[in-house]
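One structure is given below, encoded as structure tokens.
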Amino acid sequence: MTNTTPTRTLVIEREVPHPPEKIWRALTQSPLIEEWLMKNDFQPVVGHRFSFRATPVPNWNGVVDCEVLVVEPNSRLSYSWGSMGMESVVAWTLTPTKDGTHVRMEQSGFRSEEDANYKGARYGWQKFIGGLEQVVARID
Amino acid sequence: MQAIADDVFKALADPTRRALFERLARDGEQTVHALTDRAGVSQPAVSKHLGVLKHAKLVRYRREGRETHYNAQPQALAPLVDWMSLYGTFWRDRFDQLENLLKRMDK
């Protein structure tokens, strides 16, 4: 057991010295995405289903199944992210700043794929992850 | 490792099992009877759920007389916690690569 605290939402933010238009290209052009993320058949079209493929490693088959959810050029991009039996949503937000762009990546809504198929679940995986923080806090 | 992770994820995908596990983690050791009184399902159902949690090593039990006492084993959540922290590392690494790409795009 490590000391890392699980969170139900993962947020990574960075200030980069490049304009939003350029970052947008890196986020939405398939060959460019492959250069920094993974092989993919992404298209910036809402509803488009695609997958990311990486070299399989122990504990992971290297496949992420996705669907494009939001495309607002140079500003917002979001896709679902299904991998390792868990379903989540990845959302990118680009905000222009004086010297470049504030890039925000949020991965949220973690839930098991079983739960995802279980409509009306009152007690979702997310809630469990929240409770987990308290449980884990008591582990040495 | 993957097999254990699968067991943990499957065991906790069920709301009744999650509630049982959370109660044991929060309130400490309890008998099957005490768990049944508050679970809202029958004792055989509770026992079956506890069996699944036990298979995933999320709980342990000990017998005392005619009662079976169950304990939470929160350290068995490790695959789940590793899974979450894995993503943090993953994205930070990818952000570095994205920044490298942006620099190269300057030509």
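Readers should treat all values here as calculations from the given coordinates under stated rules, not as data from a laboratory. Because the structure is predicted, anything quoted here is derived from the model rather than measured. With ideal geometry, Cβ positions are generated from the backbone for all residues, glycine too; neighbour counts draw on all protein chains shown.
The table below gives the values:
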| read-out | value |
| --- | --- |
| Those residues of segment A:66-105 which are outside any loop (DSSP other than H, G, I, E, B), under 30 Å from B:D7 (Cβ atoms) and in contact with an Asp or Glu (Cβ under 9 Å, 6 or more places away or on another chain), in sequence order | A:Y79, A:S80, A:W81, A:G82, A:S83, A:M86, A:E87, A:V89, A:V90 |
| Qualifying residue in segment B:93-106 (condition: more than 13 Å from chain A (Cβ to nearest Cβ), more than 23 Å from A:W81 (Cα to Cα) and of a type in the set (S, T, N, Q)) | no |
| Options B:E99, B:E67: the member that is surrounded by fewer than 16 Cβ atoms within 10 Å (Cβ to Cβ) and not polar (S, T, N, Q) | B:E67 |
| Some residue of segment B:12-33 being more than 10 Å from every other protein chain (Cβ to nearest Cβ), surrounded by 15 or more Cβ atoms within 10 Å (Cβ to Cβ) and among the basic types (K, R) | yes |
| Identity of the residue in segment A:10-27, within 9 Å of chain B (Cβ to nearest Cβ) and touching a strand residue (DSSP E or B) at 6+ places or on another chain (Cβ under 7 Å), that ends up farthest from B:K103 (Cα to Cα) | A:L10 |
